[in-house]
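The values are calculated or read from the model by the stated rules, or taken from the named source; none is laboratory data. On a predicted model such as this, the values are computed, not experimentally measured, just so you know. So basically every Cβ, Gly included, is an ideal-geometry build from the backbone, and we count neighbours across all protein chains shown.
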Amino acid sequence: MQAQLIGKNKKGLSREQSRGFATLEILIAFMILILCISAVIMVSFGNQSVVVDSQISNEAISKAQSLLEKARADSRFDFNLVNPFLSTALATLLTNPTVVNGGDTCSSVLVGDWKNPKIENIISFSGFSGIPVGTYALTDIDVFKDKLYVTVGKTSDKTDPTFFVFDILDPSNPTLLGKLDNDIDVIAGLNSAVVFGKYAFVASASSYSRGQMQVIDLDSMSVKTFKVPVLDPFGSSEGLGNSIFYDNKTIYLGLTKSNSENEFNIIDVSDPLNPDYKAGYPVGNAINAIVVRDKYAYIASPNSEELQILNINNPNVPTPAGRFGVGSGNGKSIWLIGDKIYFGRTTDGGGGEDFQILNNANSNITLPKLGGANISSSVNGVIVRDYLSFLLTGTKGTGSKLQIFKTDDLSNITSWNPTPLTLSSTGNVIEPSIDCEGNRLYVSSNDASGQGSIYIIKPGP
């Protein structure tokens, strides 16, 4: 009997051992059941989380697509309306096709302390290596892809250069790449320049016989002259090149006041060395600045309508469109972004607003004013970057200064740099000019003697 009680089962295990294994099997079964239930719960709630995450992800993608489409639309209208964030890597890149070979390469992204701009370097035309000794009154600059192009309006000797090219890849150590004299018979030179590809198109004021526009091959530094057709050979004044703008294989050339030619001229430069005159328009005064976008040309002049707008949809027949004027001062500088025009005027001395921001939503009407500021000085150049407007101000005897204004609130335009940056303390009849590339500003200015310098400006400290 006792032997039977402690006998073994078929597997050779005692009953006590069998009961122990049964208990262990039950525990294992419970553990498996708990794991299965936990897995079911996790999957169930996980599916809910996936649904929520998927919904959030879809909403994010939709919003991102909307923002990207808006950015694309803005860039097609005006690339300067698009301000990228440097900390964000985007798989889709927005590029500005208009600056592949020329155009505005100024960054709309503000970096650094522009409340305290400082002069990084000065290119003095008095004693710079490679520049003949003499006086050079600078008229215009164009900066593009680490190259600085400079025009000279007057020299001390007839054979002195009037066009210069500098390498500014290292702004602290610029080097002279080339130079030429556009007219060896006179001391007068060039008034304005714009560079596209391997050519520089310059507005010439040297002599009437040399034409009002010249095309410079930047590889060979050779010059091709172009003369605007004469309308009245008996006119009392002949126009000289004064301002120039390039857009889509077309040059828009502004002359000084003329009774012989149209002051505004449209020239096809599809073949740069064989310009083809299209049409002109009599403005009735000197043209100080031209900006073109889409089918409109914006013209700053000393007329009572200081800003004139022409419809150039048909380049063979430009017609009047919108306008703006306050009856005093002269139209001097233009910067166009989106549907706003930032307009600089010469000071009238009467306390009027020398800097005005206009609504250009409709270019066919008298433009409404959105805001303005009395600078108490002529605004010779305007550059707008994001919420700041950089104004190059000054008159003969007062010198030239860089003044920066915060202009995102049009009802409250305020000074941004507490102390304007003085460039030249005396000034000259030949006014300064300004351009921008990346995050730097480049300014030409002349002292009382007519000697010019280029100021390279960056943000502080």
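Listed residues A297, A286; which is part of a loop (DSSP other than H, G, I, E, B), at pLDDT 95 or above and either closer than 16 Å to F201 by Cα or of a type in the set (A, V, I, L, M) (or both)?
That would be A286, the only listed residue that is part of a loop (DSSP other than H, G, I, E, B), at pLDDT 95 or above and either closer than 16 Å to F201 by Cα or of a type in the set (A, V, I, L, M) (or both).
Residues in the range 336-375 that are among the β-branched types (V, I, T) and under 19 Å from the mean Cα position of the chain (by Cα) were compared, and the one that is nearest to Q403 (Cα to Cα) is I357. Just name the residue that is surrounded by the fewest Cβ atoms within 10 Å (Cβ to Cβ) out of those in the range 270-291 that are touching a residue at least 40 places away in the same chain (Cβ under 8 Å) and closer than 20 Å to N380 by Cβ. My answer is V291.
Just one of N380, N362 is over 16 Å from A289 (Cβ atoms) and in contact with a Gly (Cβ under 8 Å, 6 or more places away or on another chain); which is it?
Details: N380 fails: over 16 Å from A289 (Cβ atoms).
The conditions single out N362.
The residue that is surrounded by the fewest Cβ atoms within 10 Å (Cβ to Cβ), among those in the range 401-451 that are of a type in the set (V, I, T) and at pLDDT below 95, is T419. Scanning the range 152-170 for residues that are surrounded by fewer than 19 Cβ atoms within 10 Å (Cβ to Cβ) and either farther than 13 Å from I131 by Cα or modelled with pLDDT under 95 (or both) yields K158, D167, L169, D170. Entry remark, the range 415-461: residues being assigned to a loop (DSSP other than H, G, I, E, B), more than 15 Å from L402 (Cα to Cα) and not polar (S, T, N, Q) number 6 in total.
Rundown of residues vs (1) under 30 Å from A321 (Cα atoms); (2) in contact (Cβ under 8 Å) with a residue 12 or more places away in the chain; (3) touching an Asp or Glu at 6+ places or on another chain (Cβ under 9 Å), yes/no style:
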| residue | (1), (2), (3) |
| --- | --- |
| V384 | yes, yes, no |
| S400 | no, yes, yes |
| T407 | yes, yes, no |
| S415 | no, yes, no |
| G427 | no, yes, yes |
| V443 | no, yes, yes |
| G452 | no, yes, no |
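When S333, S328 are checked against the criterion of being among the polar types (S, T, N, Q) and not in a loop (DSSP other than H, G, I, E, B), a single residue qualifies: S333. Contact map, the range 212-233: first residue free of Cβ contacts under 8 Å to residues at least 24 places away in the same chain, second residue surrounded by fewer than 15 Cβ atoms within 10 Å (Cβ to Cβ) and charged (D, E, K, R), Cβ cut-off under 8 Å, separation 6 or more or different chains; pairs are D219/K198.
Go through the residues of the range 321-328 one by one and say whether even a single one is among the basic types (K, R), out of contact with any Lys or Arg (no Cβ under 9 Å at 6 or more places or on another chain) and surrounded by fewer than 18 Cβ atoms within 10 Å (Cβ to Cβ). No, the range 321-328 has no match at all.
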